[in-house]
Amino acid sequence: MSLNTFGHLFRVTTWGESHGPALGATVDGCPPGIALDEPMIQHWLDRRKPGQSKYTTQRREADAVRILSGVYEGRTTGTPIQLMIENTDQRSKDYGEIAEKFRPGHADITYWQKYGIRDPRGGGRSSARETAARVAAGSVARAALNHLAPEVRITGYMVQMGRLRADRDRFDLSEVERNPFWSPDAAAAEIWAGHLDELRKSGNSVGAVIEVVASGVPAGLGAPVYGKLDTDLAAAMMSINAVKGVEFGEGMAAAELTGTENADEIFMGNDGRPRFSSNHAGGILGGISSGQDVVVRFAVKPTSSILTPRRTITVTGEETEIVTKGRHDPCVGIRAVPVGEAMMACVLLDHLLLHRGQVGDAGGRIG
């Protein structure tokens, strides 16, 4: 299997399977001299790890990370950084019944059609467990961004569960860390809790929409035509397991607007910098960051592994029924929040390094 690497200058390769002995990431292209140690990475991994509430999978993994290379005396050396996370709570027997069956909505059938072999234990590489490696790599990107562009702040949160939407008039970002849904709307989180309880007890699942905002992003990141910042961000978010749609700013809703409604008017601020009347573009114009907040949303489909019986076929082509036992997220979108943040960090750092290498300080001045 190829294509396990993403990025241009800051490159991340993830490896390992859901029920293998370990998984991890190889990070290449991180600048030297960046402060980095295992507790710094662990902070971000702890936000993603399973079993932290009844609304996520009850698989108990410490997600303890080890740095095997690329760091000396608490600083990156500029050489490849190898990160490893051991799997300690696999229950492969839970998947014995489905070894010959394909789960509807899951990658089982396409993996088999492409490779002629698949790992049914938790889904192998198609499992959301792979995202732990992304969060570990994203923590390295965050450390580098903190050194090179300390004004950048990345915040993710859930804005929708199923058909239930958060109310933006009630948004309070201080609420995000106070509820198990990463919701800036405390009232919505309470409603979601009741809704997800019902679905979980009935053996069902539900999808979600996650929003990730990066503030303090300098203008000029990204390049037309094939190196657009939003192109790489879209690819990064779409590569997350179970993601089925990505949009920036107004996204699909922009099709309903007129030109006068959609245009973000430009003014000069008191600090001599351009200011915008709105941010329908999501902080990216022509594939290049404008200096506004970069706003991306992605839709996560319902978890495919459910206890509700579904019709399917076997490897030999026989029609049958399947019930997926085991420990699964009733709403996998919950733990996708820190994953989206990690992917945002990786792409922003990659484009910051590309910009510094190609353009440096040659950007146009205003005023």
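Here are a few things to note about the model shown:
- Gly282 out of contact with any Asp or Glu (no Cβ under 7 Å at 6 or more places or on another chain), open to solvent by less than 50 Å² (accessible area, probe 1.4 Å) and farther than 30 Å from Tyr111 by Cα: yes
This table checks each residue for (1) open to solvent by 20 Å² or more (accessible area, probe 1.4 Å); (2) in a loop (DSSP other than H, G, I, E, B); (3) touching a Pro at 6+ places or on another chain (Cβ under 7 Å).
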residue: Ile154; (1), (2), (3): yes, no, no
residue: Tyr157; (1), (2), (3): no, no, yes
residue: Ala188; (1), (2), (3): no, no, no
residue: Leu196; (1), (2), (3): no, no, yes
residue: Ile210; (1), (2), (3): no, no, no
residue: Ala214; (1), (2), (3): no, no, no
residue: Ala219; (1), (2), (3): yes, yes, no
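- Checking each residue in the range 225-261 for being of a type in the set (S, T, N, Q) and open to solvent by 60 Å² or more (accessible area, probe 1.4 Å) picks out Thr231, Thr258, Thr260.
- From Arg168, Arg163, residue being free of Cβ contacts under 8 Å to residues at least 24 places away in the same chain, surrounded by fewer than 18 Cβ atoms within 10 Å (Cβ to Cβ), closer than 17 Å to Val300 by Cα and over 20 Å from the mean Cα position of the chain (by Cα): Arg163
- In the range 174-186, of all residues being part of a loop (DSSP other than H, G, I, E, B) and among the hydrophobic types (A, V, I, L, M, F, W, C), the one that is farthest from Pro150 (Cα to Cα) corresponds to Phe181.
- From Ile313, Ile322, residue being closer than 30 Å to Asp108 by Cβ and either open to solvent by less than 20 Å² (accessible area, probe 1.4 Å) or touching a Gly at 6+ places or on another chain (Cβ under 8 Å) (or both): Ile322
- Looking at the range 283-340, the strands (runs of 3 or more DSSP E) lying wholly inside it that each contain 2 or more residues that are in contact with a Leu (Cβ under 8 Å, 6 or more places away or on another chain) and touching a residue at least 12 places away in the same chain (Cβ under 8 Å) sit at 294-300.
- Unique match (being of a type in the set (A, V, I, L, M), over 19 Å from the mean Cα position of the chain (by Cα) and either open to solvent by less than 40 Å² (accessible area, probe 1.4 Å) or modelled with pLDDT of 95 or more (or both)) among Ile109, Ile67: Ile67
- The listed residue being at pLDDT below 95, under 20 Å from the mean Cα position of the chain (by Cα) and open to solvent by less than 40 Å² (accessible area, probe 1.4 Å), out of Ala128, Ala136: Ala128
- Lone unmet requirement of (1) of a type outside the set (Asp, Glu); (2) in a loop (DSSP other than H, G, I, E, B); (3) in contact (Cβ under 8 Å) with a residue 60 or more places away in the chain for Asn270: (3)
- Listed by first and then second residue, the pairs with beta-carbon distance under 8 Å, at least 6 apart or on different chains, first residue in the range 1-29 and β-branched (Val, Ile, Thr), second in a loop (DSSP other than H, G, I, E, B), are Thr13/Asn4; Thr14/Asn4; Thr26/Pro80; Val27/Phe10; Val27/Gly70; Val27/Pro80.
The values are calculated or read from the model by the stated rules, or taken from the named source; none is laboratory data. All figures in this text were calculated on a predicted structure; none of them were measured in a lab. Virtual Cβ from ideal backbone geometry, glycine too; neighbours counted across all protein chains shown. Accessible surface areas use protein heavy atoms only, side chains included; no ligands, DNA or RNA. Shrake-Rupley method; radii C 1.70, N 1.55, O 1.52, S 1.80 Å.
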